[in-house]
Amino acid sequence: MTAMSSIISPYYFLLILLVAAHSICCSATDKEKDVYIVYMGSLPEGQYSPTSHHLSLLEEVLGESAATESIVRSYTRSFNAFAARLSDEEQQRVASKKEVLSVFPSRTLQLQTTKSWDFVGLTETVDRNPTIENDVIIGVLDTGIWPESASFSDVGYGPPPTKWKGVCEGGSNFTCNNKIIGARAYSLNETISARDENGHGTHMASTAAGNKVPDASFFGLADGIARGGVPSARIAAYKVCSPFGCASQDVLAAFDDAIADGVDLISISLSLGVIPVETDVISLGSFHAMEKGILTVHPAGNSGPNVSTVASVAPWLFTVAASSTDRKILNKVVLANGTTLIVSLRTVLVMFNIRICKDGCLDSGLVAGKIVICESGGIQETFRAGALGAIFPDDSRKDVAFVLPLPASILPTDQFSVLMSFLNSTNNPQGTILKSEATEDPQAPVVASFSLRGPNIIFGDILKPDISAPGIDILAAFSPDGSPSLFLNDKRQVEYSIYSGTSIACPHVAAAAAYIKSYHPDWITSAIKSALMTTASPMNATTQGEYEDGEFAFGAGHINPVKAREPGLVYEATKDDYLKMICSKNITTFGTCPQNVTGSPKDLNYPSIQVHVNPEANFTYRFPRTVTNVGSPNSQYEATVVVADSNIKVSVEPSTLSFTSLSEKLSFNVTVSGGGLKLGSRLSASLVWSDGTRNVRSPIVVYTNKS
């Protein structure tokens, strides 16, 4: 349930079957009624009982007794909404009520799933603000948490911050402490417990804020100190996923609670795919979080690398792509003729050496004690049949390691051909699959093949993803109840495991944001986001391997948390700015639109610039921007524009900004013009404001549709 791949598709197929079986059961007993979320906007001021209003509204449609049976949950703490079981005709009648902004079905979200911190510069010895970092609370909405992990020990911690208003409702046999200061669970499909039976949530939480734990490894691989990016921060765990999936109504309930509980940041490694923001519970919940000064970090999504697929599109979300670190995992298959086949990057994790005797089939009597060579798929079958190992050909996903339940190697087709030639050349083929090993990767960071790409198909003039962070082969804490390979018959228990996915890139950015917040606790969410985006390390589109999607793959670049601590200038946007932007797209779900609203997403004070143009046509677009001085009181910034293609021109007016005080705001206009772009073009440029010490960089992207 991390990075999408053919390797783990059997588990996803099982998950889909479970969801389908559950839905069939419900439909038989609930007369074709499904769970719908009824969204009514912000909570009214003054005396108001949301639950009573929700029930009263349902009674008008269903009658008193049916309304009580229908309602599933009321959201009463941070916004005004409820979930109810309704027929199609009933949900239409509810939607017609004047106080209802939208009604949409509850859907099932999917999980998008150390050395990486050293790689991005957030080392153990870096300067920190420990007192304030200790008061930062990260809310993790996921599969729960394993509280007994050493990564969550509270030795040396004082009591929770006084701002904390949450509770520990983790269920029986679950205890919070001064590290995990809150826990809640929501699923209606199982016994309520915040304990993580999957491992995903534990991995995410420890990546963001886990303690320093020495001698951590996955069967000796990736050994060293496991730690989160902000190891002193506190964690609040919200379990929104069960074995049946992650239901929309539970995710929205967790947002409702997390906002009211007093978290500082939300990390949510779940996705519904690309859907309109007005029916996306993550977009809705994070909008209300933003209102309260809480930044929500969200993955771009897996199943890449196709363009126009990025699943996190709202501009108030901090959207994260996954990239590599300078550690890659290698696998070697040594044949008896001396040939060594090295599986670079694209590998599975092997825990011990295995001797090969001969090729076999999936009859357990034949494959037991042997390595099975399959032309495609079959890892689960070889495991169940008792094979000691397996080898498969596959040219996809060359950049990520996967945990499998038995020693295995996945060879590129050219090396698989070498293997087959060897097998056909002898009657007694022998060889060895060596244990996986870690080695240095000088090409990092490179965006993962599975990471979803832009452009943003909902808001075409807002660049997504926003930023890139480590998301390949990351070691972090795990649940002993979870399967490290995600195969249900894999009964190994581990305290630390290796994950890949945009899931795991997400808590990296959440921790980086928490690090910035520990130095600037009063900054609004957009300022923190701006600081990380404008100081990100640029990534070269021509070095992204097979998938040269440039900013559509990595956004502003690769995170640099230490540099982001002092960005110099920040681009700020408030609720009113976001509301004006979405109202310009005729979306009215998020609040009352200003009368005679004008403008477009191009006018949003965003740290990046993107514009969609028509092929071959001439164009000129103006982007108004305002920066706030957070560097030196008396400072002067000069604009530099870098354009890589003569088909576009970029000008800045004024090109000099002179500040006389901190928090001073100055405005400028960026004009992007050109013409003659071919179908499917993506041209890149950048604007850098510099005072000689600080460089504030904004990527600029001009593109046309591919078809």
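Considering Thr175, Thr202, which residue is among the polar types (S, T, N, Q) and within 13 Å of Val140 (Cα to Cα)?
When all the criteria are applied, what remains is Thr202.
Any residue that is over 30 Å from Phe119 (Cα atoms) and not in a loop (DSSP other than H, G, I, E, B) - is there at least one of those in the stretch 593-602? Working first, answer last.
Keep residues of the stretch 593-602 that are over 30 Å from Phe119 (Cα atoms), which gives 593-602.
Of the ones still in play, those that are also not in a loop (DSSP other than H, G, I, E, B) are 601-602.
Yes, the stretch 593-602 contains at least one residue that is over 30 Å from Phe119 (Cα atoms) and not in a loop (DSSP other than H, G, I, E, B).
Considering only residues that are in contact with a helix residue (DSSP H, G or I) (Cβ under 8 Å, 6 or more places away or on another chain) and crowded, with 23+ Cβ neighbours inside 10 Å, which ones fall in the stretch 460-471? Full working, then the answer.
Filtering the stretch 460-471 for residues in contact with a helix residue (DSSP H, G or I) (Cβ under 8 Å, 6 or more places away or on another chain) gives 460-463, 465-471.
Scanning the stretch 460-471 gives Leu463, Pro465, Asp466, Ile467, Ser468, Ala469, Pro470, Gly471.
Could you pull out every one of the strands (runs of 3 or more DSSP E) wholly within the stretch 431-539 that has 2 or more residues that are at pLDDT 95 or above? So that I can check it myself, show each step before the final result.
Working: elements: 431-433, 437-440, 467-470, 474-477, 496-499.
Once the strands (runs of 3 or more DSSP E) in the stretch 431-539 are filtered for at least 2 residues that are at pLDDT 95 or above, what remains is 467-470.
Return yes or no: is Gly262 modelled with pLDDT under 95 and surrounded by fewer than 22 Cβ atoms within 10 Å (Cβ to Cβ)? Let's see the steps before the verdict.
Details: modelled with pLDDT under 95: no; surrounded by fewer than 22 Cβ atoms within 10 Å (Cβ to Cβ): yes.
So Gly262 fails the test.
Test Asp576 against the stated conditions and say whether it is part of a helix (DSSP H, G or I), at pLDDT below 95 and farther than 18 Å from Ala536 by Cα.
Details: part of a helix (DSSP H, G or I): yes; at pLDDT below 95: yes; farther than 18 Å from Ala536 by Cα: yes.
Judged against the criteria, Asp576 is a match.
Mind listing whichever residues of the stretch 597-649 are small (Gly, Ala, Ser), in contact with a Gly (Cβ under 9 Å, 6 or more places away or on another chain) and more than 25 Å from Thr525 (Cα to Cα)?
Taking the stretch 597-649 and keeping what is small (Gly, Ala, Ser), we get 599-600, 608, 617, 631-632, 635, 639, 644, 646.
With in contact with a Gly (Cβ under 9 Å, 6 or more places away or on another chain) added as a condition, the list becomes 608, 617, 631-632, 635, 646.
Within the stretch 597-649, Ala617, Ser646 meet the criteria.
Checking Val688 against (1) assigned to a strand (DSSP E or B); (2) touching a Ser or Thr at 6+ places or on another chain (Cβ under 6 Å); (3) over 24 Å from Lys563 (Cβ atoms), only one condition comes out false. Which one?
Here Val688 clears every test but (3).
Look at the stretch 56-77 and say how many of its residues are within 38 Å of the chain's Cα centre (by Cα) and aliphatic (A, V, I, L, M).
5
Just to be sure before I move on: is Gly210 of a type outside the set (Asp, Glu) and over 23 Å from Ile259 (Cβ atoms) in the structure I sent? Break it down into steps so the answer makes sense when it comes.
Numbers: of a type outside the set (Asp, Glu): yes; over 23 Å from Ile259 (Cβ atoms): yes.
Judged against the criteria, Gly210 is a match.
Give Phe244, Phe174 a once-over and let me know the one that is assigned by TED's automatic domain parsing to the domain that holds Ile516, touching a Leu at 6+ places or on another chain (Cβ under 8 Å) and either surrounded by fewer than 24 Cβ atoms within 10 Å (Cβ to Cβ) or among the aliphatic types (A, V, I, L, M) (or both). Spell out how you get there, then give the answer.
Values: Phe174 fails: touching a Leu at 6+ places or on another chain (Cβ under 8 Å).
Step by step, each of Phe244, Phe174 is checked, and only Phe244 is assigned by TED's automatic domain parsing to the domain that holds Ile516, touching a Leu at 6+ places or on another chain (Cβ under 8 Å) and either surrounded by fewer than 24 Cβ atoms within 10 Å (Cβ to Cβ) or among the aliphatic types (A, V, I, L, M) (or both).
Collect the residues in the stretch 169-179 that are over 22 Å from Lys292 (Cβ atoms) and of a type outside the set (Phe, Trp, Tyr), keeping them in residue-number order.
Here is the first cut: in the stretch 169-179, the ones over 22 Å from Lys292 (Cβ atoms) are 170-179.
Once the filter is applied, which keeps residues that are over 22 Å from Lys292 (Cβ atoms) and of a type outside the set (Phe, Trp, Tyr), the stretch 169-179 yields Gly170, Gly171, Ser172, Asn173, Thr175, Cys176, Asn177, Asn178, Lys179.
Which is surrounded by fewer than 22 Cβ atoms within 10 Å (Cβ to Cβ) and at pLDDT 90 or above, of Lys239, Lys212? Break it down stepwise before answering.
Working: Lys239 fails: surrounded by fewer than 22 Cβ atoms within 10 Å (Cβ to Cβ).
Matching residue, one of Lys239, Lys212: Lys212.
Pairs needed: first member in the stretch 49-75, among the small types (Gly, Ala, Ser); second member anywhere, outside any helix (DSSP H, G or I); C-beta distance under 7 Å; at least 6 residues apart or different chains.
Ser70/Ala84; Ser70/Arg85; Ser70/Leu86; Ser74/Phe82
Which numbered condition in (1) crowded, with 24+ Cβ neighbours inside 10 Å; (2) more than 20 Å from Thr296 (Cβ to Cβ); (3) of a type outside the set (A, V, I, L, M) is the only one that Asp142 fails?
(2)
Look through the stretch 618-644, keep the residues that are under 32 Å from the mean Cα position of the chain (by Cα) and part of a loop (DSSP other than H, G, I, E, B), and return whichever of them is farthest from Pro607 (Cα to Cα).
Ala644
Where the second residue is charged (D, E, K, R) and the first is assigned by TED's automatic domain parsing to the domain that holds Val688 and lies in the stretch 643-661, which pairs have Cβ atoms under 8 Å and are six or more apart or on separate chains?
What qualifies is Val643/Lys649; Ser655/Glu638; Thr656/Glu638.
The values are calculated or read from the model by the stated rules, or taken from the named source; none is laboratory data. Quick caveat, the model's predicted, so the values are computed rather than measured. Methodologically, a virtual Cβ is constructed for each residue, glycine included, from the backbone with ideal geometry; neighbour enumeration extends over all protein chains shown.
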